[in-house]
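Quick notes on the structure that follows.
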Amino acid sequence: MQNTDAVRFRGVSFRYGQVRAVSDLDLTIPCGQTVALLGPNGAGKSTTIAMLLGLLAPAAGRVELFGTSPNAASTAGKVGAMLQETELLPRVTVAELLAFVRRLYPHPMPLDELVRLADLDGLLGRRLEKLSGGQSQRVKFAAAIAGRPDLLVLDEPTAAMDVESRHGFWRAMRRYAREGHTVLFSTHYVEEADESADRVVVVAGGRLIADGTPAAIRRSVATHNVGIAVPVEGTAGLDRLPAVTAVEIRGDRAYLSTDDADATVLALAASGLLHELEVRGARLEDAYLALTAGDGTEPILEGAQR
Ligand SMILES: Nc1ncnc2c1ncn2[C@@H]1O[C@H](COP(=O)(O)OP(=O)(O)OP(=O)(O)O)[C@@H](O)[C@H]1O
C-alpha cells in the first residue's frame, strides 16, 4: 500500500547535554496539509525541524519523510527548506542565484513561475545585498521551492519582517500550498498560524501540547467571551452565573469567559444586568496563551487529518 504521509515522527526525543529539547514527539502530517508549529522561545521548534531535515539525529524514536529517511527524501529532491540563519551571498543578483539553484534540480520550476509564486516581479536584476528584509526572505523562499519540493519547511520565515512584508510572504506561501504541496512552518505569531495553516501543532517545553485545526484549538478553551457594562450593583456574583469560568474587569467593562454564551447571556438578562452586550468567540491567541501557561504536560489532542 502506498505511503501517503509526508512526515512521521514516532516517539522522537532530543537532548542538548542536560537540556531536553524534544520529548517523545509523535506527529503525522498527511500530504497536502499546511501545518503551523507554534510555540514560545525554546519550545523545541527549530530542533524538531532540524531532525525533520536530517540535520540532527534523534536520540530516541524515528523520523520518516514520505516513508524514507530524511536524508533519502532530501537527496530525492522532495524537501525544500528555509532556515533561520541562512545568509545570501553578496554581489550576486537574484537572477544569478535562482539560475544557480534551478540547475541543482532535474525538473526545476520555470523561472517565470518562480517569480510569480514568490512575488519577485522587478527584482531579478537586483543584487542580493540591496534587498529589503522582506524581499530577501522571498528570494530565500524562491530558492526553497525552485526544485518544486513536495514538502516545504519554513523555520520562522517572517521573523523580523514588517507587517506588510509578512502579508506578502504568506500570500506567496499559500499559493505554493494551494498547488497541493505539504508545508510545515514554525512561528511565534499566533495570527499567522490562524490565517495560513490547516492545522496547528502547539509545542512547549519540548512537548506537543495541542494539535488540531485552528477552530478546534480555539474551542479547547472557553468558547466565548461575554462583555457587559459593569453593573451599578457591582460585580459580585458574576463568576457564579451559569457556564462562567472567569471574570475580568477592564475599566467600566466586565468580561466573562464562558463555556455556554447563551446560558450566560440569558442569566444576565434575567438578573437585569444586560447592558451594552458584546459577545465574541475565543481567539486562537486566547487558546494559545491558556495552553502555554500550563506546564505543558497535559496534551490536548484533536485529530486534524483531512
Ligand atoms: N545548540 C544548543 N545547545 C544547547 N542547547 C540548545 C541548543 N539549541 C537549542 N538549545 C535548547 O534547546 C531547547 C529548544 O530549543 P529550540 O531552538 O529547538 O526552540 P525553538 O522553539 O526553536 O525556540 P525559538 O523560537 O527561540 O527559536 C531550548 O531550551 C534551547 O535553549
Are there any pairs with C-beta distances below 9 angstrom linking a residue in the range 44-64 that is within 13 Å of the ligand (Cβ to nearest atom) to a residue that is among the aromatic types (Phe, Trp, Tyr) and open to solvent by 40 Å² or more (accessible area, probe 1.4 Å), with the two at least 6 apart or on different chains, and if so which?
-> THR47/TYR16
Kindly provide the set of residues from the range 236-265 that are open to solvent by less than 80 Å² (accessible area, probe 1.4 Å), within 19 Å of ASP286 (Cβ to Cβ), out of contact with any Ser or Thr (no Cβ under 8 Å at 6 or more places or on another chain) and not hydrophobic (A, V, I, L, M, F, W, C), ordered by number.
-> ARG253, TYR255
Which one of LEU88, LEU117, LEU152 is among the aliphatic types (A, V, I, L, M), over 21 Å from the mean Cα position of the chain (by Cα) and surrounded by 15 or more Cβ atoms within 10 Å (Cβ to Cβ)?
-> LEU88
Of the conditions (1) away from the ligand (no atom under 16 Å from the Cβ); (2) buried (at least 21 other Cβ atoms within 10 Å of the Cβ); (3) hydroxyl-bearing (Ser, Thr, Tyr), SER74 fails just one. Which one is it?
-> (2)
Restricting the range 183-222 to residues that are of a type in the set (Ser, Thr, Tyr) and out of contact with any helix residue (DSSP H, G or I) (no Cβ under 7 Å at 6 or more places or on another chain), which is least open to solvent (accessible area, probe 1.4 Å)?
-> THR213
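Yes or no, residue by residue, for (1) small (Gly, Ala, Ser); (2) touching a Cys at 6+ places or on another chain (Cβ under 8 Å); (3) assigned to a helix (DSSP H, G or I); (4) not assigned by the TED database to the domain that holds THR93:
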site	(1), (2), (3), (4)
SER136	yes, no, yes, no
LEU152	no, no, no, no
ALA159	yes, no, no, no
MET173	no, no, yes, no
GLU191	no, no, yes, no
Can you tell me how many residues in the range 266-287 are open to solvent by 50 Å² or more (accessible area, probe 1.4 Å), closer than 11 Å to ASN225 by Cβ and not aliphatic (A, V, I, L, M)?
-> 3
Of the residues that sit in the range 108-134 and are in contact with a Lys or Arg (Cβ under 8 Å, 6 or more places away or on another chain), in contact (Cβ under 8 Å) with a residue 40 or more places away in the chain and assigned to a loop (DSSP other than H, G, I, E, B), which one is nearest to ARG178 (Cα to Cα)?
-> ALA118
When you go through VAL79, VAL22 one by one, which is the residue that is within 16 Å of the ligand (Cβ to nearest atom), open to solvent by less than 40 Å² (accessible area, probe 1.4 Å) and not charged (D, E, K, R)?
-> VAL22
What number of residues within the range 16-32 satisfy the criterion of being among the polar types (S, T, N, Q), within 30 Å of ASP150 (Cα to Cα) and not in a strand (DSSP E or B)?
-> 0
What's the number of the condition ALA95 fails, among (1) within 16 Å of the ligand (Cβ to nearest atom); (2) of a type in the set (A, V, I, L, M); (3) not in a loop (DSSP other than H, G, I, E, B)?
-> (1)
Number of the exception - ALA36 against (1) within 15 Å of VAL153 (Cβ to Cβ); (2) modelled with pLDDT under 95; (3) in contact with a helix residue (DSSP H, G or I) (Cβ under 7 Å, 6 or more places away or on another chain) | (2)
Filtering the range 48-66 down to residues that are closer than 15 Å to LEU208 by Cβ and either under 15 Å from the mean Cα position of the chain (by Cα) or aromatic (Phe, Trp, Tyr) (or both), which residue is surrounded by the fewest Cβ atoms within 10 Å (Cβ to Cβ)?
-> ILE49
PRO30 within 20 Å of ARG138 (Cα to Cα) and in contact with an Asp or Glu (Cβ under 6 Å, 6 or more places away or on another chain) | no
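The values are calculated or read from the model by the stated rules, or taken from the named source; none is laboratory data. If you're wondering where the values come from, they're calculated on a predicted model, not measured in any experiment. Cβ sites come from the backbone with ideal geometry, for glycine too, and all protein chains shown count toward neighbours. The area values use the complete protein model at the heavy-atom level, side chains included, leaving out ligands, DNA and RNA. Shrake-Rupley method; radii C 1.70, N 1.55, O 1.52, S 1.80 Å.
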